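Working notes, beginning with the structure itself.
The values are calculated or read from the model by the stated rules, or taken from the named source; none is laboratory data. Only a predicted model underlies this, so the values are computations on that prediction, with no experimental measurement involved. Cβ atoms come from the backbone with ideal geometry, glycine included; neighbour counts cover every protein chain shown.
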Amino acid sequence: MRTSYVAFFACFFTVAANAAPIEYKNDKFTARVSGYGNIGMIEPDFALNNSRLVGDWSLRGQMTYDVNDVYKLGFVYSLDQKTIDKDKYINDLFALWQVKNVGRLEIGLTDSVAQKLGLGLPDVSGLRMNDDSLMFKQIEPRHAIIPDATLDTGDGALRANFVTSQHDGAQYGLSVAGFGKNYDFTVDGGIKIRRPNGKTKTAYSFGASFMSRPDDFRQSIYAPRVTADWRAQVSAAINVQYNSFMFALTGRAIYDEKPVGTISDGFVLGTGISYDLLKYTVSLSYMLSDTGVWEKNENDFINHTIVSSFRYKYSENVDGWMSLGMTAQTPFISAGMRVTF
């Protein structure tokens, strides 16, 4: 175990500090590859003899062609650790058509509009707290939970998305999917409003979705599969930035009509704050998940998650992080590094 820690920290301090996105431009054609790698250790119950690896990565490639000053065509492919955990090899695979000052149309395998326009909690750890958190990979709750407040109707489903350009700081989106093997169809809508001017900057997001006849559908890699007549979701979030402080409040509710099997609907509420000082950032986030709350014949299950984190920005592309927290009635400490390009 001591050897693994020495190797880990040696890796951190030998990473090149001048990493940068990979981009190629030729007249109207642009190709870009970006991503990140994150690796660390987590110690449930502070048991130093029970260290577990946490880590994930993401890789995204995008090619675009500027037809003229108004129209742009493109293609996107991405893959990440979360997708591999689901035994899939495509996170995004879609074509796009963008019209200046109007919006963007995406057709292919990708996330829904409500998910893309959503806002999360302040989190400077490497635990991926706003998207199927890595905590639950090593610390399993006793019952089903809703791991984050971002509305989700299936990652990488075949769908059509349309998102408007920003108008007075607002973006609107609509998403339709009708070829999923685990539902008849699903419709999503999302709104994001930004107010970036002034000393206090704010952002708001709202989302809603309806799914007809989910059949063995899984909304999260940590949640049981759902079979029901229909599923409805709503989400809302606000981010407020004042100088170096960031505050967030998020919420999401899920309702399944006549579910069969393990109950996994309910609601999740979250709040958090972060503070930046030069190369240092600290954050504190809390989430309350309550599943089974709509079922009169079932006892609902409440899970509390609280995480405090510290990040040191070693360079523009390399961060070191450390977290202390508790989830599923288990305290933990975790630390690692993250490299972006």
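Quick grid of which residues meet (1) under 21 Å from residue 38 (Cβ atoms); (2) among the β-branched types (Val, Ile, Thr); (3) crowded, with 21+ Cβ neighbours inside 10 Å:
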position: 296; (1), (2), (3): no, no, no
position: 300; (1), (2), (3): no, no, no
position: 305; (1), (2), (3): yes, yes, yes
position: 308; (1), (2), (3): yes, no, no
position: 320; (1), (2), (3): yes, no, no
position: 327; (1), (2), (3): yes, yes, yes
position: 336; (1), (2), (3): yes, no, yes
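From the list 91, 50, 68, 38, which one is among the polar types (S, T, N, Q), within 30 Å of residue 225 (Cβ to Cβ) and free of Cβ contacts under 8 Å to residues at least 24 places away in the same chain?
On the way: 91 fails: free of Cβ contacts under 8 Å to residues at least 24 places away in the same chain; 68 fails: within 30 Å of residue 225 (Cβ to Cβ); 38 fails: free of Cβ contacts under 8 Å to residues at least 24 places away in the same chain.
That would be 50, the only listed residue that is among the polar types (S, T, N, Q), within 30 Å of residue 225 (Cβ to Cβ) and free of Cβ contacts under 8 Å to residues at least 24 places away in the same chain.
Would you check which residues across the stretch 129-152 are charged (D, E, K, R) and surrounded by fewer than 24 Cβ atoms within 10 Å (Cβ to Cβ) and list them? Step through it out loud before you land on a result.
Restricting attention to the stretch 129-152, the residues satisfying the condition of being charged (D, E, K, R) are 131-132, 137, 140, 142, 148, 152.
Correct list: 131, 137, 140, 142.
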Conditions (1) more than 29 Å from residue 292 (Cα to Cα); (2) in a strand (DSSP E or B); (3) in contact (Cβ under 8 Å) with a residue 60 or more places away in the chain; (4) β-branched (Val, Ile, Thr); number of the one not met by residue 107: (3)
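Can residue 155 be described as of a type outside the set (Gly, Ala, Ser), out of contact with any strand residue (DSSP E or B) (no Cβ under 6 Å at 6 or more places or on another chain), more than 30 Å from residue 242 (Cα to Cα) and surrounded by 24 or more Cβ atoms within 10 Å (Cβ to Cβ)? First the steps, then the outcome.
On the way: of a type outside the set (Gly, Ala, Ser): yes; out of contact with any strand residue (DSSP E or B) (no Cβ under 6 Å at 6 or more places or on another chain): yes; more than 30 Å from residue 242 (Cα to Cα): yes; surrounded by 24 or more Cβ atoms within 10 Å (Cβ to Cβ): yes.
Here the answer is yes, as residue 155 does meet what is asked.
Considering only the stretch 1-101, give the strands (runs of 3 or more DSSP E) lying wholly within it that have at least 3 residues that are at pLDDT 95 or above, crowded, with 16+ Cβ neighbours inside 10 Å and in contact with a Leu (Cβ under 9 Å, 6 or more places away or on another chain).
Working: elements: 22-26, 29-44, 52-66, 71-80, 92-99.
It comes to 29-44, 52-66, 71-80, 92-99.
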Options 125, 209: the member that is surrounded by 16 or more Cβ atoms within 10 Å (Cβ to Cβ) and not in a loop (DSSP other than H, G, I, E, B): 209
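Tally the residues that are more than 30 Å from residue 339 (Cβ to Cβ) and either over 20 Å from the mean Cα position of the chain (by Cα) or among the hydroxyl-bearing types (Ser, Thr, Tyr) (or both), restricting the search to the stretch 276-317. Can you show your working first?
Filtering the stretch 276-317 down to residues more than 30 Å from residue 339 (Cβ to Cβ) leaves 288-304.
Still in the running and either over 20 Å from the mean Cα position of the chain (by Cα) or among the hydroxyl-bearing types (Ser, Thr, Tyr) (or both): 289, 291-302.
So the answer is 13.
Would you confirm, using the coordinates I've provided, whether residue 118 is of a type in the set (Gly, Ala, Ser), touching a strand residue (DSSP E or B) at 6+ places or on another chain (Cβ under 9 Å) and more than 23 Å from residue 233 (Cα to Cα)? If you could, list the steps in order and put the result at the bottom.
Details: of a type in the set (Gly, Ala, Ser): yes; touching a strand residue (DSSP E or B) at 6+ places or on another chain (Cβ under 9 Å): yes; more than 23 Å from residue 233 (Cα to Cα): no.
Criteria not met by residue 118.
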Residue in the stretch 270-291 that is in contact with a His (Cβ under 7 Å, 6 or more places away or on another chain) and under 19 Å from residue 221 (Cα atoms) present: yes
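Does residue 52 meet the test of being touching a Pro at 6+ places or on another chain (Cβ under 9 Å) and over 22 Å from residue 211 (Cα atoms)?
Details: touching a Pro at 6+ places or on another chain (Cβ under 9 Å): yes; over 22 Å from residue 211 (Cα atoms): yes.
Considered against the rule, which asks whether it is touching a Pro at 6+ places or on another chain (Cβ under 9 Å) and over 22 Å from residue 211 (Cα atoms), residue 52 comes out as yes.
Residues in the stretch 24-79 that are charged (D, E, K, R), closer than 30 Å to residue 139 by Cβ and touching a Ser or Thr at 6+ places or on another chain (Cβ under 7 Å): how many? Give the steps one after another, and end with the answer.
Keep residues of the stretch 24-79 that are charged (D, E, K, R), which gives 25, 27-28, 32, 43, 45, 52, 56, 60, 66, 69, 72.
With the extra rule that they be closer than 30 Å to residue 139 by Cβ, the set shrinks to 43, 45, 52, 56, 60.
Subsequent filtering for residues that are touching a Ser or Thr at 6+ places or on another chain (Cβ under 7 Å) retains 43, 45, 60.
Qualifying residue count for the region: 3.
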Pairs with Cβ under 7 Å, 6+ apart, first in the stretch 306-326 and closer than 16 Å to residue 129 by Cα, second of a type in the set (Asp, Glu) and not in a loop (DSSP other than H, G, I, E, B): 311/319
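What do you reckon, is residue 332 more than 20 Å from the chain's Cα centre (by Cα), within 30 Å of residue 60 (Cβ to Cβ), modelled with pLDDT of 95 or more and buried (at least 16 other Cβ atoms within 10 Å of the Cβ)? Reasoning before the result, please.
Working: more than 20 Å from the chain's Cα centre (by Cα): yes; within 30 Å of residue 60 (Cβ to Cβ): yes; modelled with pLDDT of 95 or more: yes; buried (at least 16 other Cβ atoms within 10 Å of the Cβ): yes.
Criteria met by residue 332.
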